[in-house]
Amino acid sequence: MADSKVAIVILNWNGRQFLERFLPLLVKYNPSFAEIIIADNASMDDSVAFVKGKYPTLRIIQNNENGGFAKGYNDALSQVDAEYYVLLNSDIEVTDHWIEPVIELMDSDQAIAACQPKILSYLDPKKYEYAGAAGGFIDKYGYPFCRGRIFETLEPEQGQYNDVKEIFWATGACMFVRASIYNKVGGLDKDFFAHMEEIDFCWRVKNEGYKVMFCPGSKVYHVGGGTLPKGSSRKTFLNFRNNFILLYKNLPTGKFLRVFFIRLVFDGFAAFKFLFDGGIKDFLAVGKAHFTFYFTFLKHRKKRKYIHQKQVSGIYKKCIVLEYYLRKKVLYTQLNSEKFS
C-alpha cells in the first residue's frame, strides 16, 4: 500500500521566483489525499531556504547534482511512495479541483499510464500553451504537435477540445503518471537530459499496451520557457538530438531507415533556415545534434532491445511540416482525422 494516493513533485532548479508566485495556489487547492514535494536539482539560488522558511511542512528532496529533467525526476521519484506521481513544472498555476478529475479518470481504467490536463498560457490565458495544449501527437517523421498548437500557431481556447481523448504524449509540464507503470518501464530516459523525454516515455508505455489520455475537466496555466528560453541553441541541440533518439528507440523494425533519410533532408532545410535567419549557433546545434546521435548510437541500440516496438495509436500518417507550411493547415481541426493511427 502506497504512503500517498498522489504525490505532486515539482522539480526545481533556481526557480525561487516561480515557487514564490505559484506555490500559494498549489497549497490552497491541494486535496487531503495529495502530498506536495519539492525536488531540488542542486539549485544555486535560495529556493530551498525559501521553501523551508515559508512552507516548513512541505517535503523537500535534494538531488546531489543537476542531472536535467529526466535524471532529476528519476532520482527524486525513487524516494517517493505513491499510487500516482504528478510531474509538475514550477511555472504552473493550478486551479481549483485540478487534481480530482484526472485521478477519477485514471482510477476508472487501469490501462491508463499517463494523463494531462488542459494546458493554457499563463501570459495569454485565452490561448492554449505551447507545451502540451490539449494533448500531444507526432507525425510519421517524429514531429510533435498538439491539439491546440501546431508549430508556432496557438489556438484560442473556445471549448473545441472539451472531450476526454486518448493522445500520443502528455506534457512533462503537468503529467499525471501511474507510479507502478513509471517504475516498470524504467522512468524517464536520463540521456535525454531535457526536452522530449516525456514523448519517449509515453511512446514506451504505449509500446507496452498502455494508454495516454487528455482530461479536459482539469485546467492549469503554464508560463513556459523558464529554464531554456525560446531561441536557445542549447534547446535546439536537445530537441534535434532527442527527437532522433526517441525515433530510433521506438519505431518498429524496418521503419527507422526510411524516416531517418527523410529527416536528414528536413533537418538540412531547418539548419540552413537558421543560418539564413542569422542563427549561426542554431545552425551548428543541428549538426552537433546529428553527430552526437551517431557517436552514441550503440548506447541507444542497447536500450532499443528492451522495448517492444509495435504500431501504436496517435501517430499522424502524413507529414505535419508539409501540411502546415505548404497546405496551410495550421489548426488541429483542419487535419484529416482518418490519417491518425
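The values are calculated or read from the model by the stated rules, or taken from the named source; none is laboratory data. Just so we're clear, the structure is a prediction, and the values are computed from it rather than from any experiment. Neighbour counts are summed over all protein chains in view; Cβ atoms, including those assigned to glycine, are modelled from backbone coordinates with ideal geometry.
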Requested in this report: State which residue pairs qualify: first residue not assigned by TED's automatic domain parsing to the domain that holds residue 130 and inside region 328-339, second residue polar (S, T, N, Q) in any location, beta carbons under 6 Å apart, and separation of 6 or more residues or different chains.
Outcome: 330/153
Query raised in the report: Which condition breaks for residue 217 when tested against (1) in contact with a helix residue (DSSP H, G or I) (Cβ under 7 Å, 6 or more places away or on another chain); (2) buried (at least 19 other Cβ atoms within 10 Å of the Cβ); (3) closer than 30 Å to residue 104 by Cα?
Result: (2)
Report summary line: Screening 14, 66 for residues that are under 16 Å from residue 91 (Cα atoms) and in a loop (DSSP other than H, G, I, E, B) leaves only 14
Report summary line: residue 306 fails exactly one of (1) exposed (fewer than 12 other Cβ atoms within 10 Å of the Cβ); (2) closer than 13 Å to residue 241 by Cα, namely (2)
Report task. Would you check if residue 209 is assigned by TED's automatic domain parsing to the domain that holds residue 9, assigned to a loop (DSSP other than H, G, I, E, B) and in contact with a Phe, Trp or Tyr (Cβ under 9 Å, 6 or more places away or on another chain)? Result -> no
Requested in this report: State which residue pairs qualify: first residue assigned by TED's automatic domain parsing to the domain that holds residue 12 and in a loop (DSSP other than H, G, I, E, B) and inside region 176-202, second residue surrounded by fewer than 18 Cβ atoms within 10 Å (Cβ to Cβ) and charged (D, E, K, R) in any location, beta carbons under 8 Å apart, and separation of 6 or more residues or different chains.
Outcome: 185/208; 189/303
Query raised in the report: On the given criteria, is residue 278 assigned to a loop (DSSP other than H, G, I, E, B), out of contact with any Pro (no Cβ under 8 Å at 6 or more places or on another chain) and over 24 Å from residue 205 (Cα atoms)?
Result: yes
Report task. Name, by its number, the condition in (1) of a type outside the set (Gly, Ala, Ser); (2) crowded, with 18+ Cβ neighbours inside 10 Å; (3) within 19 Å of residue 68 (Cα to Cα); (4) modelled with pLDDT of 95 or more that does not hold for residue 183. Result -> (2)
Query raised in the report: Which members of region 102-116 meet the condition of being surrounded by fewer than 21 Cβ atoms within 10 Å (Cβ to Cβ) and farther than 13 Å from residue 216 by Cα?
Result: 107, 108, 109, 110, 111
Report summary line: Selection from region 296-341 of residues among the polar types (S, T, N, Q) and not in a loop (DSSP other than H, G, I, E, B) yields 333, 334, 337
Query - Those residues of region 69-88 which are among the β-branched types (Val, Ile, Thr) and part of a loop (DSSP other than H, G, I, E, B), in sequence order - result: 80
Query raised in the report: Regarding residue 36, is this residue in a strand (DSSP E or B), closer than 23 Å to residue 199 by Cα and touching a Leu at 6+ places or on another chain (Cβ under 7 Å)?
Result: no
Report task. Sort out which residues of region 1-41 are of a type in the set (Gly, Ala, Ser) and surrounded by fewer than 14 Cβ atoms within 10 Å (Cβ to Cβ), and write them in order of number. Result -> 2, 32
Query raised in the report: Of all residues in region 228-275, which are among the hydroxyl-bearing types (Ser, Thr, Tyr) and free of Cβ contacts under 8 Å to residues at least 24 places away in the same chain?
Result: 232
Report task. Inspect region 89-105 for any residue being of a type in the set (Val, Ile, Thr), part of a strand (DSSP E or B) and within 22 Å of residue 24 (Cα to Cα) and give the result as yes or no. Result -> yes
Query raised in the report: Any residue in region 311-321 that is surrounded by 11 or more Cβ atoms within 10 Å (Cβ to Cβ) and more than 27 Å from residue 147 (Cα to Cα)?
Result: no
**Report entry** Those residues of region 117-132 which are within 16 Å of residue 332 (Cβ to Cβ) and among the acidic types (Asp, Glu), in sequence order
**Finding:** 129
Report task. Quick one: which residue in 113, 70, 76 is under 28 Å from residue 157 (Cβ atoms), modelled with pLDDT of 95 or more, assigned by TED's automatic domain parsing to the domain that holds residue 156 and hydrophobic (A, V, I, L, M, F, W, C)? Result -> 113
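Here is a yes/no grid of residues against (1) in contact with a Leu (Cβ under 8 Å, 6 or more places away or on another chain); (2) crowded, with 24+ Cβ neighbours inside 10 Å; (3) not acidic (Asp, Glu):
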| position | (1), (2), (3) |
| --- | --- |
| 130 | yes, no, yes |
| 133 | yes, yes, yes |
| 143 | no, no, yes |
| 166 | no, no, no |
Query raised in the report: What is the number of the single condition among (1) farther than 28 Å from residue 118 by Cβ; (2) part of a strand (DSSP E or B) that residue 57 does not meet?
Result: (2)
